[in-house]
Amino acid sequence: MLPPRFHRLTAVAAGFRGADQLMVAGTPLVVGALFGAGPDVIGLIVAAQGSAWLFVSLPAGVMVDRMAPLDALKRGMVLAVVGVLAAMAGLWLHSLPLFAFGAFISASAAVVGFLAESASVQAIVPGTGLPAANARLQFVQSAAMLIGPLVMGYAVLQGWTLAAYALALVLAACGLAFALGFGAQTPRALRQRRPLAEIAEGFTFVRGQPLLLGIVACALFWNMAFFVLMAIYVPFALGPIGLNAAEAGGAQAAMGIGSLAAAFVAARSMRTLSPRTILMFGPASSCIGAVLLALSPLGGTFALPFVTFLLLGFGPILWFVCQNSIRQIVTPPGLLGRVGSVIQVAIYGVRSVGALLGGLVAARFGFDAALMLIIALFAASTASVALSALGGLRAMPAAA
């Protein structure tokens, strides 16, 4: 049984994750359809929105570790409300800079929210309940990722954009209200030092913890492969595979279906399978999916791309729930915010490298070379689990 306070935390997560996914889905649609911007401006605004994960993660990690995680979560929810309000003001005044500012603040709220939420789970839920708790939160996230783009896309099409952002505001406000319901928290009794010294402590801990090093290596290779794939998927689907835009989008939507299914079975899987099995299955299933995508032109239908994205949603989400539980177990309280921020910065930094690499390789050497690169990177992600301390993890580790 999960403690009652965790159910309140789940309600907070539903509010801020729903608002975040509406904001993420809405930014390129609004900038293109309502502000009339071209691909260059859309790319710039989306990149600025995503840059919050690079620039805000490390200071947010310090903040989460300095105060009670639930208090940090409240600050994240306040940021979420401010971000949506700024974006709505930008829409109302037809001001692209104000809208972009709101998108950046909203993304910053998501950074703080995810780090504070993970630390709060560690503080609220006993170690044996972490897999079930993380699976529950991942189910909320997967549902938001599936529903958010559908709602926002329909709203923009019907001319109800402001109403969709009003829904995001309601969700963010509900998240804030549930977070405030936790009441005042006792701050951690940690000796505060210079922020750079505190950030360095997070790097040092990750570098010295073999399980975390294996997680970071696996995540880096996987994210680079995934963003190479995302850079080439649409032109590959519309060209060599021969899909139309609706079929290409339908196949990609299978990722949301797979992630929901994975979140639903994650807790049960972690009770019956060893951690190393789950951690190997995540990147290995992605590698199989990439091979199926490479074979897709032979079939000329969206069946193989559909299975590819189904696997990309299912296996990696099982991996995420498992590694998140391991990270919460092996990281001491008061350090989880900085450890999470270090991993986030590494992952989001390599995503832009993967996207650029995918475009360059496909343009210069063709789709086949880019697909071989994707398969090789997913294979390297799988090997990084097998060759690290994660490969010998037959049971969940002892708590720090």
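What follows is calculated from the coordinates using simple rules that are stated; it is not laboratory data. This is a predicted model, so every value here is computed, not measured. Cβ placement follows ideal geometry from the backbone for every residue including glycine, while neighbour counts extend to all protein chains displayed.
Tabulated values for the structure
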quantity	calculated
Candidates ARG75, ARG193, ARG338, ranked by Gaussian network fluctuation over the chain, Cα under 10 Å, top entry	ARG193
Most fluctuating residue given options LEU292, LEU73, LEU171, as computed from a GNM of the chain linking Cα atoms under 10 Å	LEU292
Rounded, prolate or oblate (a/c below 1.5 giving rounded, otherwise prolate when a/b exceeds b/c) for region 107-256 by Cα gyration tensor	oblate
Magnitude of the charge dipole, region 1-82, Cβ model with Lys/Arg +1 and Asp/Glu -1, debye to 20	360 debye
For region 199-392: rounded, prolate or oblate by the Cα gyration tensor [a/c cutoff 1.5]	prolate
Dipole of region 4-183 [Lys/Arg +1, Asp/Glu -1 at C-beta], most positive-end residue of PHE101, LEU44, PRO59	PRO59
Radius, Kirkwood style, for region 116-181 when every pair of distinct Cα atoms is counted (Å)	13.9 Å
Charge-dipole axis of the chain as Lys and Arg at +1 and Asp and Glu at -1 on Cβ define it, positive-most pick from ALA163, ALA219, GLY300	ALA219
The chain: calculated mean residue ellipticity at 222 nm from DSSP helix runs of at least 4, using -39500 (n - 2.57)	-29000 deg cm²/dmol
Calculated diffusion of region 4-183, Stokes-Einstein form, Kirkwood radius summed over Cα pairs, 25 °C and 0.890 mPa s, µm²/s	151 µm²/s
Leading residue at positive end of dipole, the chain (Cβ point charges), from VAL12, GLY153, ILE347	VAL12
Between region 91-165 and region 203-258, the alpha-carbon center distance in angstrom	20 Å
Assigned charges on the beta-carbon of Lys, Arg, Asp, Glu; region 199-392 dipole about Cα centre (debye)	420 debye
The chain, dipole about Cα centre (Lys/Arg Cβ +1, Asp/Glu Cβ -1), debye to the nearest 20	1100 debye
